[in-house]
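Asker: Sharing a structure with you now.
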Amino acid sequence: MKHLVVLTGAGISAESGIKTFRGADGLWEGHDVMQVASPDGFEANPELVLEFYNQRRRQLLQVKPNKAHLELANLEKHFKITIITQNIDDLHERAGSTNVIHLHGELLKARSTKTENYVIDWKKDLVLGDLDNNGHQLRPHIVWFGEAVPLIDKAVEVCATADKLLIIGTSLQVYPAASLMHYVPENTPTFFIDPDPSISSTKNLTVIPETATKGINTFISVL
């Protein structure tokens, strides 16, 4: 089967009701992103950071995958699919996708503040006093600003094996994720779904200027 690699971002989950990362003002739910998405922010005010992600987690548990998530899962009948997502939600998995790489972590998991590979499932509120098995505080399993992206090398390896590349719901502004499209083999057919695209179609790039749920139909029709 041909290998379809899919890069997804906040735009695909926005249509399920999940708010995108931040607005044009650089704020996320009224907070400077460095207050709630950096190691320094967590050290300065862990209660604020934990409650911020508790709110995100509660919201995630109330929404459902949308048509774009479901159609990507359905494509596994016809392609080998690897989804590389910048999203921290589990909507791809809930839709039925079986091979998902979460570059920026997963909201429904927690990890030790001392041992990075101590990661556990976590679907309730996370508060001070929730500890790992060695007595260390747990934190959201999220890659914050200033932290390494552990799965980026794996994502690069996957892109190098792509027969086709689909980019959906991401403006390609956040690095290192934005660089991944440059690691697919030369002349790989690439499709970019975005309602307000910042790039234009070229020989091997087809721009689909639609939302994720509409653009996925257009993409499927030209496969």
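The values are calculated or read from the model by the stated rules, or taken from the named source; none is laboratory data. All values derive from a computational prediction rather than experimental measurement. Backbone-built Cβ (ideal geometry, glycine too); neighbour counts: all protein chains shown. The area values use the complete protein model at the heavy-atom level, side chains included, leaving out ligands, DNA and RNA. Shrake-Rupley method; radii C 1.70, N 1.55, O 1.52, S 1.80 Å.
Asker: Just to confirm, what accessible area per residue do you get for the stretch 135-223 at 1.4 Å probe, in whole Å²?
Answerer: 50 Å²
Asker: Shifting gears a bit: Restricting to the stretch 15-137, compute how many DSSP beta bridges are antiparallel as a %, nearest 5.
Answerer: The antiparallel fraction comes to roughly 65 percent.
Asker: Using mean Cβ contacts within 10 Å as the protection proxy, how do 33-45, 99-111 order, highest first?
Answerer: Descending mean neighbour count gives 99-111, 33-45.
Asker: Would you tally the net charge around Ile81, using a Cβ to Cβ cut-off of less than 14 Å, leaving Ile81 out, and scoring K and R as +1, D and E as -1?
Answerer: My count for the surroundings of Ile81 gives 0.
Asker: Just from its helices, what would the mean residue ellipticity at 222 nm be for the chain, if runs of 4 or more DSSP H residues each count -39500 (n - 2.57) and the sum is divided by every residue, rounded to the nearest 500 deg cm²/dmol?
Answerer: -7500 deg cm²/dmol
Asker: Going by amide H atoms built from the backbone, whose H comes under 5 Å of the H on Trp28, apart from near neighbours?
Answerer: Excluding prolines and chain starts, which carry no amide H, the hits are Val33.
Asker: Then there is this: Using 19 Å as the Cα-Cα cut-off, could you pick out the over-long pairs in Lys80/Lys109; Lys19/Lys64; Lys67/Lys109; Lys154/Lys214?
Answerer: From the list (Lys80/Lys109; Lys19/Lys64; Lys67/Lys109; Lys154/Lys214), the Cα-Cα distance tops 19 Å for Lys80/Lys109; Lys67/Lys109; Lys154/Lys214.
Asker: Now a separate question. Accessible area of the chain with a 1.4 Å probe: how many percent of it is carbon plus sulfur?
Answerer: 51 percent
Asker: Same structure again: Around Arg111, under 15 Å between beta carbons, what's the net of Lys plus Arg minus Asp minus Glu among the other residues?
Answerer: Taking every other residue near Arg111 into account, the sum is -1.
Asker: Counting Lys and Arg as +1 and Asp and Glu as -1, what is the net charge of the other residues whose Cβ lies under 10 Å from the Cβ of His3?
Answerer: Taking every Cβ under 10 Å from that of His3, the sum is +2.
Asker: To continue, here is another question. Mind ordering 129-136, 179-186, 53-60 by average Cβ neighbours within 10 Å, highest first?
Answerer: Descending packing order for the listed peptides: 53-60, 179-186, 129-136.
Asker: If you average the sequence gap of Cα pairs under 8 Å that are 6 or more apart and divide by the length of the chain, what percent do you get for the contact order?
Answerer: 23 percent
Asker: Would you mind checking which residues have amide H under 5 Å from Leu151's amide H? H placed 1.01 Å from N; only 5 or more apart, or other chain.
Answerer: Residues meeting the amide H criterion: none.
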